[in-house]
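The values are calculated or read from the model by the stated rules, or taken from the named source; none is laboratory data. Everything numeric in this text was worked out from a predicted model, so none of it was measured. Here the Cβ positions follow ideal geometry from the backbone for every residue, glycine too, while neighbour counts run over all protein chains shown. To get the accessible areas, we keep the full protein, side chains included, count just its heavy atoms, and leave off ligands, DNA and RNA. Shrake-Rupley method; radii C 1.70, N 1.55, O 1.52, S 1.80 Å.
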Amino acid sequence: QGDTLVLIGDTSGHLGQSIYARDIFKLGGAAPKVDLALEKKNGDFVRGLIADGTVRAAHDLSDGGLGLAAAEMALGSDVGVTLGYQGDLTDAAFLYGEDQARYLIAVPASKADDLDKRARAAGVSYLVVGEAGGREISYLGASGNRERVSIDDLRKAHESWLPAYMKKAS
């Protein structure tokens, strides 16, 4: 509760081979380019924050991008998240883009200035994207619409699909 949510790494909104493009629109495309030096730099930075106790929670951004990582963190901690974005990307590209070398971390608000200094010194890009707290996952994006789902409803949907699928199969 009360932690600041920070996205480590740059977001260009790459949807080419994303779960979003594949599962929602049945589309495919090129995978994002991988920069191994950037992967190492950002990974080492996050590991350093974890090692010294700055980070309370961390999740890599891979399949499903920021949206899925935030949902998994909320389900795992049983604490809601409020996310926001007001940039040039579409909400879908920001939430579900699968750009490389990115992490979602939760840090105490009191450590935000220290995080800023360390990120600048390491040459690591970051963006504050929200806050942990409450009982829902909400997102206010560039569209101006607030989307929300309760953790309980999300958990029910997440945990009930396999039993329902197995019941149909039998």
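Key figures for this structure:
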quantity	calculated
Evaluation of Gly144 against (1) out of contact with any strand residue (DSSP E or B) (no Cβ under 7 Å at 6 or more places or on another chain); (2) in a helix (DSSP H, G or I) (one fails), failing number	(2)
The lone exception for Phe25 - which of (1) more than 21 Å from Ser110 (Cβ to Cβ); (2) aromatic (Phe, Trp, Tyr); (3) modelled with pLDDT of 95 or more it fails	(3)
Yes/no for Ser62 being farther than 30 Å from Lys156 by Cα and hydroxyl-bearing (Ser, Thr, Tyr)	no
Residue match in segment 156-166 (condition: over 17 Å from the mean Cα position of the chain (by Cα), among the charged types (D, E, K, R) and outside any loop (DSSP other than H, G, I, E, B))	yes
Criterion (open to solvent by less than 20 Å² (accessible area, probe 1.4 Å) and of a type in the set (Phe, Trp, Tyr)) met by exactly one of Tyr103, Tyr139, Tyr126	Tyr139
Per-region count, segment 115-125, residues under 16 Å from Leu5 (Cβ atoms) and part of a helix (DSSP H, G or I)	3
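A quick yes/no check of all residues on (1) under 23 Å from Ile19 (Cβ atoms); (2) acidic (Asp, Glu); (3) open to solvent by less than 20 Å² (accessible area, probe 1.4 Å):
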residue: Ala37; (1), (2), (3): no, no, no
residue: Ile50; (1), (2), (3): no, no, no
residue: Ala74; (1), (2), (3): yes, no, yes
residue: Asp116; (1), (2), (3): no, yes, no
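To keep it simple, each residue is scored yes or no on (1) of a type in the set (A, V, I, L, M); (2) open to solvent by 20 Å² or more (accessible area, probe 1.4 Å); (3) in contact (Cβ under 8 Å) with a residue 12 or more places away in the chain; (4) over 23 Å from Asp91 (Cα atoms).
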site: Gly9; (1), (2), (3), (4): no, no, yes, no
site: Ser12; (1), (2), (3), (4): no, yes, yes, no
site: Ile19; (1), (2), (3), (4): yes, yes, yes, no
site: Asp23; (1), (2), (3), (4): no, yes, no, no
site: Pro32; (1), (2), (3), (4): no, yes, yes, no
site: Lys40; (1), (2), (3), (4): no, yes, no, yes
site: Arg56; (1), (2), (3), (4): no, yes, yes, yes
site: Asp60; (1), (2), (3), (4): no, yes, yes, no
